[in-house]
Amino acid sequence: MTRTDGYLLDNGRAEAAERFDAFATLFDPTTFRHLQALGVGPGWRCWEVGAGGTSVVSWLAKRVGPTGRVLATDIDTSRVAPAGRPPVEVRVHDVGAEEPPGDGFDLVHARLVLVHIPDRERALRSMIGALRPGGRLLVEDADPALQPLLCPDEHGPEQQLANRLRHGFRHLLSQRGADLSYGRRLPRLLREAGLRRVEADAYFPVASPACAALESATVRHIRDELVSAGVASHDDIDRHLANVASGDMDLATAPMISAWGRKA
Ligand SMILES: C[S@@+](CC[C@H](N)C(=O)[O-])C[C@H]1O[C@@H](n2cnc3c(N)ncnc32)[C@H](O)[C@@H]1O
C-alpha cells in the first residue's frame, strides 16, 4: 500500500518494535540528557511528536508525574498505545498535515521524525506554535549525508556490501521525500523561527550491538522495496543479514543532531 504521508517504515510490522528498541538503546541516553538539561519536571505539559515506541513517553511520564501531561502523537500509534494511561494520552495525528493537537505546551519533542515528513517546515511551525511563551523545543534528527556509511571502516567485501545496501536504503528514503541533510539545518531553522538560546550537538555510535539489531530489523522490514528498486538481490540481502548476525561488523548510524531552544 502506498502511504500518503511518505513514511516508508510502518509501525504495524514486527520489525518496527525491534527498531524502536534499538533507537531506545542507541539514543535514549542522549535524549534524556537533553530533556533533563531543559528542566522537564513535575507538572510539565509535554507533546511527544511521532512517538514511535514507549521509552521516551514513559520517561517523560515519570518526570512530569501525576500533575503533568504527556501527549504522545503519531500517524500510527500501535507501538506507543501500551503507554496510554495518565499522565499519558495517545492520539493519532499527522504533524505534517494537521493542526497541532493542543497549545500551551512546556515542551515539544520530536526524535527522528521530521526528516521523514515531506512538509517538515509546516510540522516545525506547528510544533513551535504549540509551545507556551518560554516553552522548550527539542528536535533530534538524523543527518545521514554527514556520515552516510553503515561501515565507516570499509575494509572488506562484507563492509562494501553493507555500505551499498545502506546507500540504496537512503535512496528509497529520498524518493519518499526525506531530507538526508536536515539535521545540520536545525539550529538555523530554530533561530529563524524566533527561538532563543538555540544550541545543538550531535551523537552517533561507531560500533554497537544495537546498531546490528537496528540494521537487521530495518533490512528485513524493507527487503521487498530494496529488491524491487534493484538495490540488491534476495541473495545479497541474505548474505548481508548473515554478516550482520555474525557480530564481527563494526556498524554505525547516521549522526543524530539534537537542537533545542526556547520560545520568546
Ligand atoms: C524513525 S521513527 C522514530 C520513533 C521515535 N520518535 C524514536 O525516536 O524512537 C519515526 C516515527 O515518526 C512517525 N511519523 C512519520 N511521519 C509522521 C507524521 N507525518 N506525523 C506524525 N508521526 C509521523 C512514524 O510513524 C514513526 O513512529
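Bear in mind that the values in this text are calculations on the coordinates, not laboratory data. Keep in mind it's a predicted model, so treat the numbers as computed, not measured. Because the Cβ atoms are built from the backbone with ideal geometry, glycine has one as well, and the counts that use them run over all protein chains shown.
Numbers below:
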{"item": "Leading residue by the ranking (nearest to the ligand (Cβ to nearest atom)) among those in segment 18-27 that are touching a residue at least 60 places away in the same chain (Cβ under 8 Å) and aromatic (Phe, Trp, Tyr)", "result": "PHE23"}
{"item": "Among (1) in a helix (DSSP H, G or I); (2) among the charged types (D, E, K, R); (3) closer than 20 Å to ALA22 by Cα - the single one ARG164 does not satisfy", "result": "(3)"}
{"item": "Hits in segment 101-117 - residues which are without any contact (Cβ under 8 Å) to a residue 60 or more places away in the chain and either within 15 Å of the ligand (Cβ to nearest atom) or touching a Ser or Thr at 6+ places or on another chain (Cβ under 6 Å) (or both)", "result": "PRO101, GLY102"}
{"item": "Some residue of segment 211-218 being surrounded by fewer than 17 Cβ atoms within 10 Å (Cβ to Cβ), without any contact (Cβ under 8 Å) to a residue 60 or more places away in the chain and within 20 Å of ASN11 (Cα to Cα)", "result": "no"}
{"item": "Selection count where residues are in a helix (DSSP H, G or I) and surrounded by 22 or more Cβ atoms within 10 Å (Cβ to Cβ), scope segment 45-63", "result": "4"}
{"item": "Complete set of residues in segment 230-253 that are outside any loop (DSSP other than H, G, I, E, B), touching a residue at least 24 places away in the same chain (Cβ under 8 Å), farther than 20 Å from GLN147 by Cα and among the aliphatic types (A, V, I, L, M)", "result": "ILE237, LEU241, ALA245"}
{"item": "Members of segment 28-46 that are touching a helix residue (DSSP H, G or I) at 6+ places or on another chain (Cβ under 9 Å) and within 11 Å of the ligand (Cβ to nearest atom)", "result": "ASP28, THR31"}
{"item": "Any hit, segment 179-199, residues being buried (at least 17 other Cβ atoms within 10 Å of the Cβ) and over 24 Å from LEU107 (Cα atoms)", "result": "yes"}
{"item": "Checking GLU154 against (1) assigned to a strand (DSSP E or B); (2) surrounded by fewer than 22 Cβ atoms within 10 Å (Cβ to Cβ), the condition it does not meet", "result": "(1)"}
{"item": "Any hit, segment 127-140, residues being small (Gly, Ala, Ser) and in a strand (DSSP E or B)", "result": "yes"}
{"item": "Given (1) near the ligand (Cβ under 9 Å from one of its atoms); (2) farther than 21 Å from MET256 by Cα, index of the condition VAL56 fails", "result": "(2)"}
{"item": "Qualifying position, being under 17 Å from the mean Cα position of the chain (by Cα) and not in a helix (DSSP H, G or I), among ASP94, ASP103, ASP28, ASP21", "result": "ASP94"}
{"item": "Those residues of segment 77-121 which are farther than 19 Å from LEU138 by Cβ and touching a Phe, Trp or Tyr at 6+ places or on another chain (Cβ under 8 Å), in sequence order", "result": "ARG79"}
{"item": "Restricting segment 63-89 to residues that are in contact with a Pro (Cβ under 9 Å, 6 or more places away or on another chain) and of a type in the set (Val, Ile, Thr), the residue that is nearest to VAL49 (Cα to Cα)", "result": "THR73"}
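Conditions (1) of a type in the set (A, V, I, L, M); (2) under 30 Å from ASP238 (Cβ atoms); (3) not in a helix (DSSP H, G or I), marked per residue:
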{"residue": "SER181", "(1), (2), (3)": "no, no, yes"}
{"residue": "ARG184", "(1), (2), (3)": "no, no, no"}
{"residue": "PRO187", "(1), (2), (3)": "no, no, no"}
{"residue": "ARG191", "(1), (2), (3)": "no, no, no"}
{"residue": "GLY194", "(1), (2), (3)": "no, no, yes"}
{"residue": "ALA202", "(1), (2), (3)": "yes, no, yes"}
{"residue": "VAL206", "(1), (2), (3)": "yes, yes, yes"}
{"residue": "ALA212", "(1), (2), (3)": "yes, yes, no"}
{"residue": "GLU215", "(1), (2), (3)": "no, yes, no"}
